[in-house]
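Report on one structure; see the data block that follows.
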Number of protein chains: 2
Amino acid sequence: MGGDHGPEVTIPALGLAARRLGPDVRFLAHGEVQLIEAELAQIRDLAGRVEIRHTEKQVASDEKPATALRRGKGSSMWNAVEAVKLGEAAGAVSAGNTGALMAISKLILRMSADLDRPCLTASWPTVRGFTTVLDVGANVDCDAARLVEFAILGEAFHRAAHGVERPTVGLLNVGSEDIKGHEEVREAHRILREGGAGLNYYGFVEGDDLTQGVVDVVVTDGFTGNVALKTAEGVAKFISGELRSALTSSLPSKLGALLARKALLAFRERLSPPAAAPLLGLNGVVVKGHGGATVRDFADAIQVAADLARSDFAAEISRSLGRLGLAAQPMTAEAGQGGE
Amino acid sequence: MGGDHGPEVTIPALGLAARRLGPDVRFLAHGEVQLIEAELAQIRDLAGRVEIRHTEKQVASDEKPATALRRGKGSSMWNAVEAVKLGEAAGAVSAGNTGALMAISKLILRMSADLDRPCLTASWPTVRGFTTVLDVGANVDCDAARLVEFAILGEAFHRAAHGVERPTVGLLNVGSEDIKGHEEVREAHRILREGGAGLNYYGFVEGDDLTQGVVDVVVTDGFTGNVALKTAEGVAKFISGELRSALTSSLPSKLGALLARKALLAFRERLSPPAAAPLLGLNGVVVKGHGGATVRDFADAIQVAADLARSDFAAEISRSLGRLGLAAQPMTAEAGQGGE
């Protein structure tokens with residue numbers, strides 16, 4: 001039911017994902033049965049592969065996370081996450097309210113790592129492909145242990161989602177020497193360099209290394225990561241706007257832009273980040289699709305969830321955290337953890 | 001003597017600055033007398049307006065700040081800053097080694113604010129003009145008091161350099177509500193909102209507001225600011241590179257790019273930040289020109305120094321810091337301060 005368009009987008013996206021993922025993948029669709037059936041009827045690929053779990057309740061896109069926690073039980077979002085907890089689904093995908101999805105996922109699935117909230121991840125376009133950047137906003141206060149957890153989560157995600165056997169991991173800093181940066185980042189650097197986590201650790205990277213694709217995974221606290229991501233989005237938007245003005249400023253430049261139209265469209269496509277982000281650090285797979293996701297975008301989000309569910313992702317994280325003594329609780333013993 | 005080209009650029013830049021600033025401005029040129037005289041001979045506008053202070057000693061561009069402090073005495077950089085201390089010059093301008101300039105300036109002029117090092121400032125191109133962003137790398141650990149000091153320094157600089165009577169000031173955060181962000185940024189927000197510093201405080205801004213020019217001055221800690229600045233530079237470079245590939249990918253797009261050449265050059269010019277940055281928080285005016293500065297760039301740096309020296313800049317800062325009880329020492333009583 002989530003996102004700007006609801007079943008009109010999410011159900012055709014299921015169809016696209018069904019074709020991509022092959023016949024052994026089945027779906028639970030949570031939401032209004034009539035709306036979902038109307039869309040399903042038009043998609044042959046989904047015949048017999050979708051089970052509808054009816055509910056009329058929804059989490060509104062502007063609902064506060066705390067309200068969603070109090071009143072969200074039985075909503076389509078809640079039920080989708082609960083199906084993961086109950087083992088009925090291998091992963092949940094939603095294009096709905098991000099804050100609510102994080103809060104509900106944390107409450108139902110619990111954290112496998114010692115974080116305030118599930119870690120938000122960005123897939124950052126680079127000259128070489130995509131770099132996984134985390135945390136981009138969920139955990140604002142980060143000590144060295146948290147930064148190391150992000151490294152473990154991001155590395156396992158990058159392998160599962162991009163098929164890179166040994167992703168390289170870098171720690172975002174203001175310089176490359178050991179003495180640079182604040183205490184938290186220097187201490188995380190020391191732990192990662194010592195190699196206990198078993199990662200392919202590169203060392204410090206700087207802001208301009210993000211777009212260079214110097215490493216596969218860039219680790220930073222949620223404050224810095226959020227500022228870097230939004231700054232990059234702002235710069236990209238600014239440059240596109242300036243470019244548009246420049247290319248419509250005179251007749252020759254308009255003609256030029258017309259001739260170069262195809263190349264300029266390809267250029268814009270190249271800069272668009274993927275519209276799916278996993279919520280990392282939970283005991284279970286939850287993927288957030290962009291609110292304005294198109295059919296292709298939402299199918300990509302479903303693909304990410306399937307890639308994570310099919311991989312050894314959760315066990316790898318558990319092992320790496322365990323090696324460093326960082327796991328808050330093993331995945332089978334959540335009872336002792338505090339609630340929301 | 002500083003920068004990639006030395007007197008070949010700095011002396012013609014003095015000529016350009018002399019024409020811009022009018023006849024009441026005179027210059028002290030520190031460095032090798034023969035090199036300087038050879039350049040001076042070619043510039044009529046400088047006749048009788050430049051006093052050469054000969055020294056053969058220079059700070060190398062790759063010299064560590066600590067080495068520059070130990071061995072830099074009597075170098076052209078050292079003498080330029082010392083002239084400010086002695087009241088012989090109203091400001092110092094250098095295109096040399098940034099770290100050395102910061103360390104030497106701190107030692108000779110002392111800090112007026114409670115900072116590790118002089119604050120580094122970026123002039124950020126926006127849809128409306130330029131936003132002053134600080135700190136972009138000098139003071140990595142920042143409590144609320146420091147963030148407030150940056151606000152005071154940045155506001156006074158922006159007024160002096162851009163002639164804006166009441167610059168608006170924003171605090172960089174991961175959201176706009178009072179509860180967002182970490183403790184330091186929330187506390188600084190509280191102090192600034194209460195208005196004791198007398199600034200035109202806007203509130204929190206986010207990464208994408210930087211290029212939107214939402215406020216005149218954006219305040220952040222040196223860690224986040226450095227990452228944001230380098231991220232923005234990386235994104236701009238990445239997009240330029242992708243655009244170049246797109247526009248040379250086929251014959252039509254090449255023709256298009258040729259037709260739009262003038263517009264694309266204007267576009268690139270529009271994105272270039274000014275090549276001068278003040279070192280803020282010192283008892284005196286010091287401006288850093290980019291190492292690769294052209295004649296026009298270095299003349300711009302001289303202009304910034306002149307604007308600051310002619311303004312009420314230092315007194316304004318002193319008053320604002322004093323109002324909040326933040327001034328480490330008044331400007332006339334430096335003896336009690338610790339050394340480097």
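Results, tabulated for the structure shown:
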{"item": "Helix-derived mean residue ellipticity, 222 nm - over chain A, DSSP H n ≥ 4, -39500 (n - 2.57), to 500", "result": "-14500 deg cm²/dmol"}
{"item": "Whether the protein assembly as shown is rounded, prolate or oblate, judged on the alpha carbon gyration tensor where a/c under 1.5 counts as rounded", "result": "prolate"}
{"item": "Gyration tensor (alpha-carbon) shape descriptor, the stretch B:1-135, a/c threshold 1.5", "result": "oblate"}
{"item": "Rg [Å, one decimal], Dmax [Å, integer] - the stretch A:12-74, C-alpha atoms", "result": "14.3, 40"}
{"item": "Only Lys, Arg (+1) and Asp, Glu (-1) charged, at Cβ; the stretch B:95-219 dipole about Cα centre in debye", "result": "440 debye"}
{"item": "The stretch A:132-235: C-alpha gyration tensor shape, a/c 1.5 cut-off, then a/b vs b/c", "result": "rounded"}
{"item": "For the protein assembly as shown, size of Cβ-based charge dipole, Lys and Arg +1, Asp and Glu -1, in debye", "result": "1580 debye"}
{"item": "Proximal lysines relative to A:Lys106, as straight alpha-carbon distance under 19 Å, when same-chain residues fewer than 8 apart are discounted", "result": "A:Lys64, A:Lys73, A:Lys85, A:Lys288"}
{"item": "Most mobile of A:Asp24, A:Asp307, A:Asp116 in a GNM of chain A (Cα contacts under 10 Å)", "result": "A:Asp24"}
{"item": "GNM result for chain B, Cα springs below 10 Å: residue of B:Leu101, B:Leu14, B:Leu35 fluctuating most strongly", "result": "B:Leu35"}
{"item": "Whole-number D in µm² s⁻¹ for chain A, Kirkwood Cα-pair radius fed into Stokes-Einstein, 20 °C, 1.002 mPa s", "result": "102 µm²/s"}
{"item": "Inter-copy label distances at B:Gly48 (7 Å, Cα→Cβ; nm, one decimal)", "result": "10.1"}
{"item": "Among B:Gln212, B:Ala301, B:Gly175 - extreme Cα towards positive end, dipole of chain B, charges at beta-carbon", "result": "B:Ala301"}
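None of the figures in this text is laboratory data; all of them are computed from the coordinates on show. Keep in mind it's a predicted model, so treat the numbers as computed, not measured. Here Cβ is always computed from backbone atoms with ideal geometry, including for glycine, and neighbour counts include all displayed protein chains.
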